[in-house]
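Worksheet for the structure shown next.
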Amino acid sequence: MATQFKLNGKEVSVQAEADTPLLWVIRDEIGLTGTKFGCGLALCGACTVHLDGQPIRSCQTPVSVVAGKKVATIESLSKDNSHPLQKAWIAHDVPQCGYCQSGQLMSAAALLSTNKHPSDTDIDNAMSGNICRCGTYNRIRAAIHTAAAEMRKA
């Protein structure tokens with residue numbers, strides 16, 4: 001079955017069964033490996049991407065659901081780490097093992113797209129579905145505040 005959708009601003013057409021998880025289409029069919037497989041149950045958030053601007057878990061989203069829609073992956077933020085969130089992540093030395101970071105960044109990007117002045121509670125609520133086994137939550141929160149401030153200047 002052919003499914004067409006827009007991925008990171010470009011039209012794509014993939015051949016996959018309708019129930020194939022979007023994660024595997026992105027990684028195996030298209031070859032973008034920034035989106036990670038974590039738990040496979042939509043519980044950890046490592047596979048977070050945006051569907052029409054909203055964060056979703058790509059491991060539990062059938063590719064048929066994205067037909068005709070816009071999907072954004074971690075690769076859409078920037079190619080050179082120039083996105084304010086990526087710069088803040090580096091400045092605050094957020095990643096340890098780094099495995100969850102693409103999902104964390106995509107959830108943070110979704111938050112900042114709708115809330116330019118997030119409180120700690122806003123951040124905690126938005127990021128609650130993303131698990132970091134290294135426990136870098138305080139650095140993640142600080143980085144989001146820094147990125148929000150940078151984005152308000154632009």
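The values are calculated or read from the model by the stated rules, or taken from the named source; none is laboratory data. Small disclaimer: the values here were computed from a predicted structure and weren't measured. A quick note on method: Cβ atoms are made from the backbone with ideal geometry, for glycine too, and the neighbour counts reach across all protein chains shown. Remember, those area values only see protein heavy atoms, side chains included, never the ligands or the DNA or RNA. Shrake-Rupley method; radii C 1.70, N 1.55, O 1.52, S 1.80 Å.
Scanning the stretch 58-109 for residues that are of a type in the set (S, T, N, Q) and either modelled with pLDDT under 95 or open to solvent by less than 30 Å² (accessible area, probe 1.4 Å) (or both) yields Ser58, Thr61, Thr73, Ser78, Asn81, Gln86, Gln96, Gln101, Ser102, Gln104, Ser107. Filtering Leu41, Leu32, Leu85 for residues that are within 19 Å of Ser128 (Cα to Cα) and either assigned to a loop (DSSP other than H, G, I, E, B) or touching a Pro at 6+ places or on another chain (Cβ under 7 Å) (or both) leaves a single hit, Leu41.
If you go through the stretch 44-57 and pick out every residue that is crowded, with 18+ Cβ neighbours inside 10 Å and not in a strand (DSSP E or B), you end up with 4. Taking Leu41 as the residue in question, decide whether it is within 19 Å of Trp24 (Cβ to Cβ) and open to solvent by 60 Å² or more (accessible area, probe 1.4 Å). Spelling it out, Leu41 is indeed within 19 Å of Trp24 (Cβ to Cβ) and open to solvent by 60 Å² or more (accessible area, probe 1.4 Å).
Is it the case, given these coordinates, that Gly9 is open to solvent by less than 80 Å² (accessible area, probe 1.4 Å), touching a helix residue (DSSP H, G or I) at 6+ places or on another chain (Cβ under 6 Å) and at pLDDT 95 or above?
Judged against the criteria, Gly9 is not a match.
Only one entry of Gly103, Gly98, Gly129 meets the criterion of being within 16 Å of the chain's Cα centre (by Cα) and outside any loop (DSSP other than H, G, I, E, B), and that entry is Gly103. For the stretch 13-28, does any single residue satisfy the condition of being small (Gly, Ala, Ser), assigned to a loop (DSSP other than H, G, I, E, B), over 21 Å from Arg141 (Cβ atoms) and touching a Cys at 6+ places or on another chain (Cβ under 8 Å)? Taking every residue of the stretch 13-28 in turn, none turns out to be small (Gly, Ala, Ser), assigned to a loop (DSSP other than H, G, I, E, B), over 21 Å from Arg141 (Cβ atoms) and touching a Cys at 6+ places or on another chain (Cβ under 8 Å).
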